[in-house]
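The structure under discussion appears below in the form of C-alpha cells.
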Amino acid sequence: MSTQIKRPADSYSPLYFLASLGAGGLAVTFFMYLMFWVPHPDRPVPIFEDILAAFQTGQIGLQIAIAVAVVGIAIFAFLNVKLLIWNFASLGKFKQTEAYEKLRNSNAETTLLAAPLATAMTVNAMFIVGLVYVPGLWSIVEYLFPMALIAFLLIGVWALRTIGDFLGRVLTKGGVFDVTAHNSFAQLLPAFALSMIAVGLSAPAAMSSTTLTVGVGLVLSTFFGIAAILYTVVAAVTAFNSMLHYGTAKEAGPTLMVIVPIMTVLGIMFLRQGHGLHTSFEAHVTDGETMVFLARMLTVQVLFVMLGMLVLRRQGYFKDFVLGTKTSPGSYALVCPGVALSVMIHFFVNKGLAAAGVIDKFSVAYWIVTAVALAAQALMIWLVLRLNRQHFGKPSQAVAVPAE
C-alpha cells in the first residue's frame with residue numbers, strides 16, 4: 001500500500017543499488033572518450049601518461065574532450081561510491097525490519113542481487129579512476145590484476161550464494177514463486193550481476209602480459225559469462241510467457257530493457273577474451289568478424305529498446321514515474337540501457353566500423369554515429385540528476401510506490 005513518507009529513498013529497497021550502478025556506468029561513458037580518442041599504441045587502455053601527453057600536444061577539440069572526460073569520471077565515480085556506501089548502510093537497517101523478511105520470501109528476493117551488481121561496477125569504476133588519475137600505475141599493474149581477480153571472484157561467490165538462496169527456496173518448495181508477478185524482466189537481475197562480474201574478470205585476461213593471469217581470467221570470466229547467458233535465457237522465456245498472460249507490471253516496465261546492459265557487458269567480455277587469446281595464445285579474429293559480432297549485439301539491444309519503449313509509452317510510465325509525482329526505485333533501471341547503448345555504440349564505431357575500414361576515424365560519418373552515443377549519454381546524465389532529485393532530494397509529498 002502506498003504511504004506518505006519524508007522522501008522516497010527513506011522507504012528503502014535494494015533496487016536503490018541501481019542508483020550507484022547508473023553513476024558508475026556514466027563514469028564509463030566518459031572513459032570512452034579517452035579509450036578511443038587518446039592515442040595509446042603500447043597498451044590496450046589509455047593511462048595517465050597517455051592522457052597528459054594528448055592534452056599537452058592535441059588540438060583544442062581533443063583537449064576539451066579530455067577535460068570533459070576527466071571531470072565527468074571524477075564526478076560520477078564519486079557519486080557511484082557515495083551511493084554504494086549509502087546503500088550498504090541502508091540495507092543494514094533494512095535487514096532489521098519485517099519488510100526484509102517479507103522480501104526474502106517473495107519473488108523480490110532477487111533484488112538483493114543489485115548489491116553485488118553495483119559492487120562489481122564500483123570495482124570496475126575504481127580501476128578506471130586508477131588509470132586516469134594515478135601516474136605510474138601501469139608499472140605495477142601486473143600485481144594489481146591478481147588482486148582484481150580475487151575481488152571479482154569474491155563478489156561472484158557472494159552473488160552465487162544469494163542466487164542459491166533464492167533458487168533453493170523456489171525450486172524445492174512448490175507454490176512459493178508467484179508466476180502472476182513474474183510479468184516483467186525483473187528476474188533477470190541475477191543474470192545482470194553475473195555478467196558484470198564476468199566482464200570484470202575478463203579485464204586481466206585482456207590487459208595482462210602474464211600467461212597464467214590471462215588464462216585464469218579467461219576461464220573465470222567464461223564461467224560467469226556462460227552462467228549469465230543461461231540464467232538470462234531461462235528467466236526471459238518464463239517471464240515473457242507470464243507477460244503474455246498477465247501483461248507487463250507497470251512499476252517493473254523498465255526491466256524490459258535490462259537485456260541491453262547485459263549484452264553490452266557480455267559483448268565487452270567477449271572482446272576482452274578475444275584480445276587475451278590473441279596476445280597470449282596466438283588466436284586471431286579479423287576486424288571484419290569483430291564488426292559483425294558487434295553489429296549483432298547492437299541489433300539485439302535496439303530491438304529490446306524498441307520493445308521496452310513501446311510498452312513504457314503505452315503504460316504512461318514516463319508521465320507517472322519520471323516526469324510526474326510518483327516514484328519507484330525501479331526507475332533507476334532506465335539508466336542502465338541508455339548507458340549501455342552509448343558504450344556499445346562507441347565500441348561498434350571504433351572497434352567495428354572504423355577498424356574494419358568501413359568508415360574513416362574522425363570522419364563526418366564517424367561523428368554522425370558517435371553523436372548517437374553522446375546523445376544517449378547526455379540523456380542519461382539528465383535522467384540520473386532527475387531521479388536523484390526525486391528520490392534523494394528534500395522531503396516532499398511525493399507518493400512512493402514500493403517495487404514488487
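Taking the fewest neighbouring Cβ atoms within 10 Å as the starting point, the ordered list for 384, 234, 28, 216 is 234, 216, 384, 28. Among 11, 184, the order by Cβ neighbours within 10 angstrom, fewest to most, reads 11, 184.
Computed over the chain, relative contact order equals 23 percent, with contacts defined as Cα pairs under 8 Å that lie 6+ residues apart. Fewest-first ordering of 161, 272 by other beta carbons within 10 Å of each residue's beta carbon gives 161, 272. The relative contact order of region 179-223, computed from alpha carbon pairs under 8 Å that lie at least 6 residues apart in sequence, is 34 percent. Helices in the chain that qualify as membrane-span-like (whole DSSP H runs, Cα extent of at least 24 Å along the helix axis, mean Kyte-Doolittle hydropathy of 0.5 or higher) are 17-37, 60-94, 114-133, 141-170, 189-207, 211-246, 259-281, 287-315, 364-392. Among the listed pairs 93/173; 82/319; 250/319, those with a Cα-Cα distance over 20 Å are 93/173; 82/319. Only one of (i) 99, 47, 37; (ii) 69, 45, 37; (iii) 59, 43, 38 was calculated from the structure for Cα extents along the principal axes in Å, and its label is (iii). Estimated from helical segments only, the mean residue ellipticity of the chain at 222 nm is -23500 deg cm²/dmol, where each DSSP H run of four or more residues counts as -39500 (n - 2.57). Simple rule: put +1 on each Lys or Arg Cβ and -1 on each Asp or Glu Cβ in the chain, find the dipole, and look at 217, 391, 59; the Cα lying farthest toward the positive end is 391. Working ranking of peptides 257-269, 167-179, 57-69 by packing, defined as the average number of other Cβ atoms within 10 Å per residue, highest first, is 257-269, 57-69, 167-179.
Since every read-out is calculated from the coordinates, none of them should be taken as a lab result. It should be emphasised that the depicted structure is a prediction, and the values quoted were computed from it without experimental measurement. Every residue, glycine as well, gets a Cβ built from its backbone with ideal geometry; the counts of neighbours run over all protein chains shown.
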